[in-house]
Amino acid sequence: MDNPEPGPLPLPSDENADPATSPDGDPGEDSNSFESLRADITALVDDARTYAEAEIAFQKTRAGLAASKSVRALALVVLALVLLHIALIALAVGAVIALAPLVTIWGAIAIVVGVLLAGTTALVWAALGNGKIVAAMFGPEDGA
């Protein structure tokens, strides 16, 4: 009888392989990979938290700066309106003084007050017209 020569030994299949060992037989390599991945994810979460905290601090600072500049701008606008009001009073007084020699003092006052009331009336009518347009834009639709 012939004895066949022994061939190469069969390699273990993947389903029989130990999951804790790597293909080259080093049992700790996979666990080191998971620890490295865990460390990377932890670092990523810490970086994201740091970024979020820095962004919140930046937005708070920006909001505070915008608020302080807005308050300053509002104060300057109010001051400008006060000065404009004083200038209009001075113009009215000057107009009365300038018209007094041409008509009596009462006539000059009547002319200046009449012009100011006519201007006020024109501005109120214009504002009411614009208000009606806005009301029509946001009012109920009649199916027109």
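Read-outs throughout are calculated quantities, based only on the coordinates presented, and are distinct from any laboratory measurement. What you see is a predicted model, and the numbers here were worked out from it, not measured in a lab. As a convention, Cβ positions derive from the backbone with ideal geometry for all residues, glycine included, and neighbour counts pool all protein chains shown.
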Rg over Rh, two decimals, region 24-85 (C-alpha only, Kirkwood Rh) = 1.64
Pull out the extension gain between F34 and T121, defined as 0.36 nm times the separation in residues minus the alpha carbon to alpha carbon distance; nm, one decimal.
-> 23.2 nm
Would you calculate the separation in nanometres between label points at V78 and F138, each defined as 7 Å from the Cα along the Cα-to-beta-carbon direction?
-> 2.5
Which FRET efficiency value, to the nearest 0.05, is calculated for I105 and H85 with the Förster distance at 22 angstrom and r the Cβ-Cβ distance?
-> 0.40
